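Down below is the structure, laid out as structure tokens.
The values are calculated or read from the model by the stated rules, or taken from the named source; none is laboratory data. Just so it is clear, the structure is predicted and the values come from calculations on it, not from any experiment. Here Cβ is always computed from backbone atoms with ideal geometry, including for glycine, and neighbour counts include all displayed protein chains. Ligands, DNA and RNA are stripped out before the accessible areas are found, and what is left, the full protein with its side chains, is counted by its heavy atoms. Shrake-Rupley method; radii C 1.70, N 1.55, O 1.52, S 1.80 Å.
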Amino acid sequence: MKLSRTGWNNVIIFSVMIIILLINATNDKLFPKEGKANNAEQLILPQHSIILTLAIDFSLSQQVLFERRGRSWQLTAKGVLLEKTDQQIEQMMFAWQESSGLVQAAEIIIDSEQSITVKIALAGESQARIFMLYPLNDQLLVYQQQGNTWLALPPALAQQLLPIIL
């Protein structure tokens, strides 16, 4: 069977279309999306997010506020003696942006009086994200109010995410 040049072009076009359709149809089976497993890892903050303010309420009388001023940070502390260099603050902000934890499947019941409230305002978002941190002996639990999810992080991350541990 002899095909003309136009005929061969049509055969090639339809062959490529069939291959594309096969790849699209089997994509979910070949490359499952992250987050479907119960113990999937999830970042605390969205990837590539920019922190504008970070407010930490240890209690009613102890609060710390970090505000971005250009390329540096302004620190305001109430009831807490805190001296941090710009480099230490940058490392803390980097820890918030890059840390991830295991998503907990079950609802966790814990005493809310032990929590440390953290409010983070991100660039491009109208409302601040609210987190409740529970530093325990064997892990750091983080409750994200916006997504109603619990994350379990290694206890060493508490030292990186918080300026002081009470």
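With a 10 Å cut-off between alpha carbons and a GNM built on the chain, which of Thr53, Thr149, Thr85 moves the most?
Per the Cα network of the chain with a 10 Å cutoff, Thr85 tops the list.
Say we join alpha carbon atoms closer than 10 Å with springs in a Gaussian network model of the chain; which of Ile120, Ile20, Ile108 then has the biggest fluctuation?
Comparing Ile120, Ile20, Ile108 in the GNM, the peak value goes to Ile20.
With labels modelled as points extended 7 Å from the Cα through the Cβ direction, what inter-label distance (nm, one decimal) is found for Leu43 paired with Ser126?
The answer from the label model is 2.4 nm.
If I fit a long axis through the Cα atoms of helix 5-30 and take the longest principal axis of the Cα atoms of the chain, what angle between them do I get, 0 to 90°, rounded to 10?
So the inclination is approximately 30 degrees.
Please list, ordered by chain and number, the residues whose modelled amide H lies under 5 Å from the amide H of Thr149; skip anything fewer than 5 residues away on the same chain.
Answer set, sorted by chain and number: Gln144.
Can you sort Leu52, Leu22, Leu153, Leu81 by solvent-accessible area, 1.4 Å probe, largest first? Could you put the intermediate results ahead of the total?
Details: Leu52 75, Leu22 105, Leu153 5, Leu81 155 Å².
My answer, sorted largest first, is Leu81, Leu22, Leu52, Leu153.
Could you work out the helix-only [θ] at 222 nm for the chain, with each DSSP H run of four or more residues adding -39,500 (n - 2.57) and the total divided by the number of residues, to the nearest 500 deg cm²/dmol? Don't skip to the end; give the middle numbers.
Working: 3 runs with 44 residues, N = 166.
Mean residue ellipticity, 222 nm, calculated: -8500 deg cm²/dmol.
With the other protein chains left in place, how much accessible area per residue, in square angstrom, belongs to the range 22-129 at a 1.4 angstrom probe? Could you put the intermediate results ahead of the total?
On the way: 7540 Å² over 108 residues.
Normalised by residue count, the accessible surface of the range 22-129 is 70 Å².
Which angle between 0 and 90 degrees, to the nearest 10, do you get for helix 86-98 versus the longest principal axis of the chain when only C-alpha atoms count?
50
At a 1.4 Å probe radius, carbon and sulfur cover how many percent of the accessible area of the range 1-126?
On the way: 5260 of 9450 Å².
Of the solvent-accessible surface of the range 1-126, carbon and sulfur hold 56 percent.
How many nm separate the modelled label positions at Met17 and Leu3, each set 7 Å beyond the Cα in the direction of the Cβ?
1.3
For semi-axes √(5λ) of the Cα gyration tensor in Å, the choices are (i) 26, 16, 15; (ii) 23, 21, 15; (iii) 48, 21, 12; which was calculated from the structure?
Comparing each candidate, only (iii) matches the computed number.
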